[in-house]
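The values are calculated or read from the model by the stated rules, or taken from the named source; none is laboratory data. Quick caveat, the model's predicted, so the values are computed rather than measured. Note: ideal-geometry Cβ built from the backbone for every residue, glycine included; neighbour counts use all protein chains shown. Heads up: the accessible areas ignore ligands, DNA and RNA and are worked out on the full protein's heavy atoms, side chains in. Shrake-Rupley method; radii C 1.70, N 1.55, O 1.52, S 1.80 Å.
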Amino acid sequence: MNLGQQILFFFSALGAFNGFVISGYLLFFKKPKSPASYFLGLLLLALSIRITKATFGYFYHDLPRIYLQIGLSGCFLIGPSLYYFTRAALENIQKTPVRWKYTYWAWIAAIVIIGVLVPYQAHPGDWNHYIVHIIYAQWVAYFILTGWLLREVFAKVFTKTEKLSPGEKPILSIFLGNTVILIAYLIVFFWSFSSVYISGALFFSLLLYLNIPLFVNRKKSDTAFLGNEEPGRYARKKITENHATSLTDKLRKIIIDQELYKNPDLKLNDLAKRINISGHQLSQLLNDNLGKSFAVYINEYRIGCACELITNDRRIKLEEIGYEVGFNSKSTFYTAFKKHRGTTPTLYKEGLSSAAFP
């Protein structure tokens, strides 16, 4: 290798090495651990394996095929890792769902079984013409699913009314970094541009260094999805008016669009996950900024919907309306209605009838 190639190899290999180190920290040493940090560690591990294969394969063309197989096998786990990291981070999931574990282990089992039954060393044609296509198709499929998860985050980028929250910025950064890496390898895969091949490895190194604040937790409030949040400390910080307005608008939109208030078992933490904040933050938003409790806030939507149903369909039974809008009993429906409207559902309905027929 000449000097230029040695420099390219150094920076490409350095990025892969750092990726292994950071993934090891996230997977085995980071405390406290969260699903998002765990899947981020798996994502970095899978990318590092793929980058290592690309780096050595670019400079050493006689690399044993077993290493090529390992590199492509790691590529098979990039998509699932990116998807589950993004979902866990956006929804602030505190415990990995069992279904996610089964799915992830199923992908691992699939690529291991394929590698054992159809090793690259003995079946290079099968790998180059079939298995590699499956690997890239799976990666692209998960990439599209991840982009769909981030659709509301992307919408903020192109609107002036909403700004990205501190927690959304690193998530978007990681997704965009993976976008560039995926595009680089797809170009090589379809058009065999060898010069682009090493660019994926170089960009991975750059991506790691740009996201060092994320990995070292410089701002813990910005990386709460990685388990860095300090609830007691954060609870003492007042939410600014601009941020409160943005969160309130997002909360209202999700509740109305998805009719979450109709769920009688809706919990504060469940709702907080929908807008990617902690339960402490949502409680603070409702109590300090809106001046109402979680129950009062949700019941406002339920009573509003109940009034619409009573107005639009006079024949429907009041008890049915209560259950329809999310109350789990007739008594709680009547109590909440009286509190919010100053009258009972029966008198409210009678008032509508007398107004219609004076």
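Can you list the helices (runs of 4 or more DSSP H) found entirely within the stretch 1-114 that contain at least 3 residues being open to solvent by less than 40 Å² (accessible area, probe 1.4 Å) and modelled with pLDDT under 85? Lay out the reasoning, then the answer.
Working: elements: 3-24, 35-59, 65-75, 78-90.
Helices (runs of 4 or more DSSP H) meeting the threshold: 3-24, 35-59.
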TODO: Please verify whether the stretch 135-145 includes one or more residues that are surrounded by 15 or more Cβ atoms within 10 Å (Cβ to Cβ), out of contact with any Cys (no Cβ under 9 Å at 6 or more places or on another chain) and aliphatic (A, V, I, L, M).
DONE: yes
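Which one is modelled with the highest pLDDT among residues in the stretch 215-250 that are assigned to a helix (DSSP H, G or I) and of a type in the set (Lys, Arg)? Spell out how you get there, then give the answer.
Looking only at the stretch 215-250, we keep the residues that are assigned to a helix (DSSP H, G or I), and these are 215, 220-226, 231-235, 241-250.
Still in the running and of a type in the set (Lys, Arg): 220, 233, 250.
Details: 220: 48, 233: 45, 250: 88.
Ranking the candidates gives 250 first.
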Open item on the list: Among the numbered criteria (1) open to solvent by 50 Å² or more (accessible area, probe 1.4 Å); (2) farther than 30 Å from residue 272 by Cβ; (3) of a type outside the set (Phe, Trp, Tyr), which one does residue 131 miss?
Closed with: (1)
Task: Residue count, the stretch 154-185 (criterion: of a type in the set (Val, Ile, Thr), free of Cβ contacts under 8 Å to residues at least 40 places away in the same chain and surrounded by 17 or more Cβ atoms within 10 Å (Cβ to Cβ)) - done: 0
TODO: Return the residue satisfying two criteria in turn: it lies in the stretch 268-315 and is among the basic types (Lys, Arg) and over 27 Å from the mean Cα position of the chain (by Cα), and of such residues it is modelled with the lowest pLDDT.
DONE: 314
- [ ] Return only the number of the condition from (1) closer than 14 Å to residue 181 by Cβ; (2) in contact with a Phe, Trp or Tyr (Cβ under 8 Å, 6 or more places away or on another chain) that residue 74 does not satisfy.
- [x] (2)
Open item on the list: Need a quick list: helices (runs of 4 or more DSSP H) entirely within the stretch 251-337 having at least 2 residues that are open to solvent by less than 10 Å² (accessible area, probe 1.4 Å).
Closed with: 268-274, 294-312, 318-324
